[in-house]
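Below: the structure, in structure tokens.
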Amino acid sequence: MKLMIVDDSNIIRSRISRILSDPKLPPIEIVGTAANGTEAIQLFKSTRPEMITLDLTMPEMDGVECTTLLVDEDPEVRILIVSALSDKATAIQALKNGASGFLYKPFTDEELVNALLELIKE
Amino acid sequence: MSDLSEKDIEIFIEAIGGYFKQITHEAASIGVAYLAQNAFPMNDFTGLIKVSADYTGALYFSAPSAMLRHLLTVMKETDQSEENLLDAVGEIANTISGNARKYFGENMVISTPEKIIGIPADLNRSEKNYAYVIIIKWKHYSASLVVDIKRIR
């Protein structure tokens, strides 16, 4: 399963990569990371991941707009929003735009893995 | 324009407490919020989130470099460069303010984090209004959260 990580925080990108490198997990190939929505769209076009972890609050292009553009590119792509924005309206909007799941920050290693395994099952 | 209430401030206290518990599996000691006009307890690195729409002002999370290095170690992050220490204060400020929207709603729009070394210029203004200060103690470190936010609608 090919995965792209999108977050403006270097330590979050690095942490997600590290958690998913656990050999006990189903093989997940991280095809690249992006720090904002604009970079994410470019990277998506060149790597065609099947799953994406996507932050919402980012410079240049936020995650809500990015979700719409990514789903336009590939309606089958599975997007897990990983964000601290905890209001219900934001989560509903992201899901309406085509996201498949929502994981609130701060998250534990186990919560991230479980959320991605759910997406893989879909 | 109105100041945030004690109940409002409690939301930020819960958010910062939740952050430490979730990330470190260890509770931080969170002090009672107090009001300050200047003499804010700032540390080496500060993450700043500006709020807008129905609110105005900013939230600051400020921590010493040693505490941030320890937090990165807990997160198994080996790159403890200045860039990553700045990233950490920005991400913590972002997480606290984002989590607070569960209570304040989508009409508290939050910015992406600004990351500052030293004392933020906005906190040095002599005409500054009062802001809430919350002290966070974790292990032997002390950090601070300054909530300088007002409701305008």
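Annotation note: of B:45, B:40, the sole residue that is closer than 30 Å to residue B:151 by Cβ, open to solvent by 20 Å² or more (accessible area, probe 1.4 Å) and in contact with a Leu (Cβ under 7 Å, 6 or more places away or on another chain) is B:40.
Considering only the range B:58-71, I want to know if a residue exists there that is in contact with a Phe, Trp or Tyr (Cβ under 9 Å, 6 or more places away or on another chain) and within 9 Å of another protein chain (Cβ to nearest Cβ). There is no residue in the range B:58-71 that is in contact with a Phe, Trp or Tyr (Cβ under 9 Å, 6 or more places away or on another chain) and within 9 Å of another protein chain (Cβ to nearest Cβ).
For residue B:6, state whether it is out of contact with any strand residue (DSSP E or B) (no Cβ under 8 Å at 6 or more places or on another chain), modelled with pLDDT under 95 and of a type outside the set (A, V, I, L, M, F, W, C).
Working: out of contact with any strand residue (DSSP E or B) (no Cβ under 8 Å at 6 or more places or on another chain): yes; modelled with pLDDT under 95: yes; of a type outside the set (A, V, I, L, M, F, W, C): yes.
Here the answer is yes, as residue B:6 does meet what is asked.
How many residues, within the range A:67-98, are away from chain B (no Cβ under 14 Å) and open to solvent by less than 10 Å² (accessible area, probe 1.4 Å)?
Number satisfying all stated conditions: 5.
Among the residues of the range B:6-32, those identified as touching a residue at least 60 places away in the same chain (Cβ under 8 Å) and more than 16 Å from the chain's Cα centre (by Cα) are B:24, B:26.
Assessment of the range B:84-94 against the conditions (open to solvent by 20 Å² or more (accessible area, probe 1.4 Å) and in contact with a helix residue (DSSP H, G or I) (Cβ under 7 Å, 6 or more places away or on another chain)) yields no matching residue.
Note on the range B:51-76: residues that are of a type outside the set (A, V, I, L, M), at negative phi and surrounded by fewer than 19 Cβ atoms within 10 Å (Cβ to Cβ) total 8.
The values are calculated or read from the model by the stated rules, or taken from the named source; none is laboratory data. Since this is a predicted model, take the numbers as computed values, not measurements. Heads up, the Cβs are rebuilt from the backbone with ideal geometry, glycines too, and the neighbour counts pull from every protein chain shown. These accessible areas exclude ligands, DNA and RNA; they are computed on the full protein's heavy atoms, side chains included. Shrake-Rupley method; radii C 1.70, N 1.55, O 1.52, S 1.80 Å.
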